[in-house]
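Presented below is the structure to which this report refers.
The values are calculated or read from the model by the stated rules, or taken from the named source; none is laboratory data. For clarity, every value in this text was computed on a predicted model and none was experimentally measured. Every residue, glycine among them, receives a Cβ derived from its backbone with ideal geometry; neighbour counts consider all protein chains shown.
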Amino acid sequence: MNDIDLNGRIAVVTGGIQGFGLAVVERLSKSGAKIAIWENDKKLLDEFSAVENVFKVLTDVSDPKSVEKAVNETVDNFGSINILVNNAGIAGPNYKTWEYPNNEWQKVIDIDLTGVFYCCKYVVPNMIKNNYGRIVNVASIAGKEGNPNAMPYSAAKAGVIAITKSLGKELADKNIAVNCVTPAAAKTRIFDQISQEHIDYMLSKIPRNRFLKVEELASMVAWLVSEENSYTTSAVFDLSGGRATY
């Protein structure tokens, strides 16, 4: 494992209890960062002990007041926020677009897209104040290519890519980098939300013929949130095992 120096940095990871988020929390912590986990599941948050000395904040990323409160609590505890990893998300069920339940569409959009907007909206002013920040948004290969029977998820992740590109340009004159990653699927608990048919479909599209390992995503995120990443912004980093065509 390459050494990434994050000593003295304060990192917020949304949905940092499991899956991609947990892998990122573990990697950033090993690199010296102090971590705030924003999570909406109180039971999981209360029971979390995988990484010591994390600051746990009960947060609903789809609620602007909850996000603003989380920012204030985190800044009060640590003094600032230097790193934001927007990881929280849900897959949603699998339906054809014309059969997709309206309420399920809204749930996916509220968490996967609007949640990223709210977190950026309320964290960025603190980064601007300190003229330093690194933001990584976890999008998906689905946002590039569009997965059938997963239209809301694909649309939300395409929107995350667009947020990344817009915000990165808005902050390009400051020492704040905004990038996103577009991973293929990994064997996390998000698989519990989708059908085996859809899982098989996703694997069939990956030339490396295996799912992504969460540690592989965390490795890329660790560099993106480091001071070494002093130039790249508004960019999309592919983690699709060769699936992406652009």
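Listing for the model above:
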quantity	calculated
Residues that are surrounded by 22 or more Cβ atoms within 10 Å (Cβ to Cβ) and either farther than 20 Å from residue 185 by Cα or free of Cβ contacts under 8 Å to residues at least 24 places away in the same chain (or both), drawn from the stretch 11-34	11, 12, 28, 33
Failed condition for residue 203, given (1) within 28 Å of residue 32 (Cα to Cα); (2) touching a residue at least 12 places away in the same chain (Cβ under 8 Å)	(1)
Sole exception among (1) hydroxyl-bearing (Ser, Thr, Tyr); (2) touching a Ser or Thr at 6+ places or on another chain (Cβ under 7 Å); (3) farther than 19 Å from residue 121 by Cβ for residue 245, by number	(2)
Residue in the stretch 71-84 that is out of contact with any Cys (no Cβ under 6 Å at 6 or more places or on another chain), β-branched (Val, Ile, Thr) and over 25 Å from residue 220 (Cβ atoms) present	yes
Search result, residues across the stretch 160-202 that are among the hydroxyl-bearing types (Ser, Thr, Tyr) and modelled with pLDDT under 95	188, 195, 201
Hits in the stretch 172-189 (condition: part of a strand (DSSP E or B) and more than 14 Å from residue 239 (Cβ to Cβ))	176, 177, 178
Odd one out for residue 132 among (1) under 22 Å from residue 159 (Cβ atoms); (2) touching a residue at least 40 places away in the same chain (Cβ under 8 Å); (3) out of contact with any helix residue (DSSP H, G or I) (no Cβ under 7 Å at 6 or more places or on another chain)	(1)
Spans of helices (runs of 4 or more DSSP H) in the stretch 58-171 with at least 2 residues within 15 Å of the chain's Cα centre (by Cα) and either of a type in the set (Val, Ile, Thr) or surrounded by fewer than 17 Cβ atoms within 10 Å (Cβ to Cβ) (or both)	102-109, 115-130, 151-170
Count of the stretch 35-44 residues which are surrounded by fewer than 18 Cβ atoms within 10 Å (Cβ to Cβ) and outside any loop (DSSP other than H, G, I, E, B)	3
Residues of the stretch 190-221 satisfying the condition of being of a type in the set (Ser, Thr, Tyr) and part of a helix (DSSP H, G or I)	201, 204, 219
Scope the stretch 1-21; condition part of a helix (DSSP H, G or I) and in contact with a Gly (Cβ under 6 Å, 6 or more places away or on another chain); matching residues	21
